[in-house]
Amino acid sequence: MIEFFKEYSIVKWVLVGFGVLYFLDKYGIFSPIDNLINRIGKYKFKMYSHLNNPKLKELINYFNKMQFSNVEQSLKGMNSSYRAFAFKSLGQYGKMEISDQWLHKDPSNNLPKIVKAYQLINKAWEIRGRGTIDTVSNQNQVAFKNNLKKAETLLLEVESSSPFDSNCVASLLKIYKATDMNREYVHKLFNDAIKKYPDDEELHFNYFAFISPKWGASEEELQAYLKNLTAQSPFIQYLILAQYYFDIVHLYDYKDDNKEIKRFIEGMKTKIFEEDQLYKYELYLLLYWLSNNLELKGLEKHYKKILTPYWED
């Protein structure tokens, strides 16, 4: 073997190189595989959490100009759907150093903790991407989990009496779907929250992701929620059904032979939602993906058009 390496020294150095790359990837330092995937290309999209909505863009401007009292008053004047997108907007477009300055200036205030948590969660999911876990490098998994852990630490400091408590719990649910957590604790967290905020779309949306088999939940957990779905508001029923249908099509390659899902997607075209019901854009996104996966070209085109303020791909 020694003689072989002497004669073909290039082989030795190639093997050494692979060993070094394996070590770097294993410990989350650098991932050549991930960089190759990035170069070849993943599913490319652009998300605009502010929806080019003047009120949300004004909020971002208030925040980045450190007009914190205006930020707080704006958020308090929004309904739950609007406020969820407001926090998403600050998570995507708010400068993290501004959150740090706000926290330093007013360490007892819950709001900058929540804003920074949204920023960290947004950063974590940007790093992870939308693929399955086997497509995420060790480097990115480490960074993903580190950001989620920092966000969780901030959210757990928030008092339950905060006027933004529902957003705080919803954010924890988004973290816990991707991390190891006592599942009974998370179920209780959600159930306690919806007693106070029964029609909060963000809570239901994020909890359903937590109990989806796509994220490792059991069928019992899923069915326990679905059996009470008709007790929810009509909009939450539409939102959760769209999530459920997308999951079974995406995860199990469900073909919709009886056209149940197609009828549902077509039926959503006739629904009219309030102007300030911003969570309709999460519904439209799911309907667009469903139409694409089921090759319903006319419906896909319809939902892509009305989705444009939020999503481009």
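The values are calculated or read from the model by the stated rules, or taken from the named source; none is laboratory data. Note that the coordinates shown come from a computational prediction; the quantities given were computed from them, not determined experimentally. Don't worry about glycine lacking a Cβ; one is built from the backbone with ideal geometry, like all the others, and counts go over all protein chains shown. Remember, those area values only see protein heavy atoms, side chains included, never the ligands or the DNA or RNA. Shrake-Rupley method; radii C 1.70, N 1.55, O 1.52, S 1.80 Å.
Dimensions of the stretch 166-313 based on its C-alpha atoms, expressed as ranges along the principal axes with the largest first, amount to 43, 35, 30 Å.
One compactness figure for the stretch 67-121 is 1.04, namely its Cα radius of gyration divided by 2.2 N^0.38 Å. On a per residue basis, the stretch 157-313 carries 50 Å² of accessible surface, using protein heavy atoms and a 1.4 Å probe. Taken along the Cα-to-beta-carbon direction at a fixed 7 Å, the label points for Gln237 and Asn70 span 4.2 nm.
Using the Cβ-Cβ distance between Asp276 and Lys255 with R0 = 45 Å, the FRET efficiency computed as 1/(1 + (r/R0)^6) comes to roughly 0.75. Basic side chains Lys and Arg get +1 at the Cβ, acidic Asp and Glu get -1 at the Cβ, and with that the dipole of the stretch 192-255 about its Cα centre reaches some 120 debye.
Express in nm, to one decimal, how much length is gained between Ser160 and Glu58 on full extension, taking 0.36 nm for each residue of separation and deducting their alpha carbon distance. Don't skip to the answer; put the middle values down first.
On the way: separation 102, 0.36 × 102 = 36.72 nm, distance 2.77 nm.
Full-extension gain reported as 34.0 nm.
Taking label points 7 Å from Cα along the Cα-to-Cβ direction, Phe45 and Thr179 give a separation of 2.4 nm. Aspartates and glutamates within cross-link reach of Lys195: Cα-Cα under 20 Å, excluding same-chain residues under 8 positions apart? Hits, sequence-local ones excluded: Glu159, Asp165, Glu184, Glu221.
Using only alpha carbons, build the gyration tensor for the chain and give me the equivalent ellipsoid semi-axes, biggest first, whole Å. Don't jump to the answer; show the numbers that get you there.
Details: eigenvalues 257, 154, 79 Å².
Equivalent ellipsoid semi-axes, largest first: 36, 28, 20 Å.
Using 31 Å as the Cα-Cα cut-off, could you pick out the over-long pairs in Lys149/Lys214; Lys105/Lys188; Lys116/Lys269; Lys55/Lys271; Lys76/Lys174? From the list (Lys149/Lys214; Lys105/Lys188; Lys116/Lys269; Lys55/Lys271; Lys76/Lys174), the Cα-Cα distance tops 31 Å for Lys105/Lys188; Lys116/Lys269.
Restricting to Cα pairs below 8 Å that are 6+ residues apart, what does the relative contact order work out to for the chain? Please round to a whole percent. Before the final figure, lay out the partial values.
On the way: 311 pairs, mean separation 55.4, N = 313.
Result for the chain is 18 percent.
Among Phe208, Leu172, Ser218, which residue has its Cα furthest toward the positive end of the charge dipole of the stretch 170-225, with +1 on Lys/Arg Cβ and -1 on Asp/Glu Cβ? The one lying farthest along the dipole's positive direction is Leu172. Note on Leu229 and Ile248: the extension gain reaches 5.1 nm, defined as 0.36 nm multiplied by sequence separation minus the Cα-Cα distance. At 7 Å along Cα-to-Cβ for each site, give me the label-to-label distance between Phe264 and Trp215 in nm. Between Phe264 and Trp215, the simple spin-label model gives 1.8 nm. Compactness of the stretch 134-248 was expressed as the Cα radius of gyration divided by 2.2 N^0.38 Å, which yields 1.09.
What is the dipole size for the chain, taken about its Cα centre, with +1 at each Lys and Arg Cβ and -1 at each Asp and Glu Cβ, in debye to the nearest 20?
Taking the Cα centre of the chain as origin, the dipole is about 700 debye.
The charge dipole of the stretch 71-113, taken about the Cα centre with unit charges on the Cβ atoms of Lys, Arg (+1) and Asp, Glu (-1), comes to about 160 debye, rounded to the nearest 20. Across the stretch 232-313, the volume of the C-alpha convex hull divided among the residues equals 95 Å³ per residue.
Among Gln101, Thr135, Tyr82, pick out the residue whose Cα is farthest towards the positive end of the charge dipole of the chain, where Lys and Arg carry +1 and Asp and Glu carry -1 on C-beta, about the Cα centre. Checking the options against the dipole of the chain, the answer is Gln101.
Over the stretch 93-161, what is the relative contact order in whole percent, taking alpha-carbon pairs under 8 Å and six or more residues apart?
Values: 53 pairs, mean separation 25.3, N = 69.
About 37 percent, as a whole number.
Subtracting the Cα-Cα distance from 0.36 nm times the residue separation, let me have the gained length for Val142 to Lys301 in nm, one decimal.
Details: separation 159, 0.36 × 159 = 57.24 nm, distance 3.76 nm.
Full extension from Val142 to Lys301 adds 53.5 nm.
Under a Cβ-Cβ cut-off of 14 Å, what is the net charge of the residues other than Asp180 that fall near it, where Lys and Arg count +1 and Asp and Glu count -1? Display every interim value, and only then the final one.
Details: positive: Lys145, Lys149, Lys177, Arg183; negative: Glu152, Glu184.
Local charge sum for Asp180: +2.
Over all other residues within a Cβ to Cβ distance under 13 Å of Glu300, the charged ones net out to +3, with Lys and Arg as +1 and Asp and Glu as -1. Per the Kirkwood definition applied to all pairs of different Cα atoms, how many angstroms is the hydrodynamic radius of the stretch 111-167? Computed over Cα pairs of the stretch 111-167, the Kirkwood hydrodynamic radius comes out at 12.0 Å.
What is the percent carbon and sulfur in the accessible area of the stretch 116-195, measuring with a 1.4 Å probe over the protein chains and ignoring ligands? Roughly 50 percent of what the probe reaches on the stretch 116-195 is carbon or sulfur.
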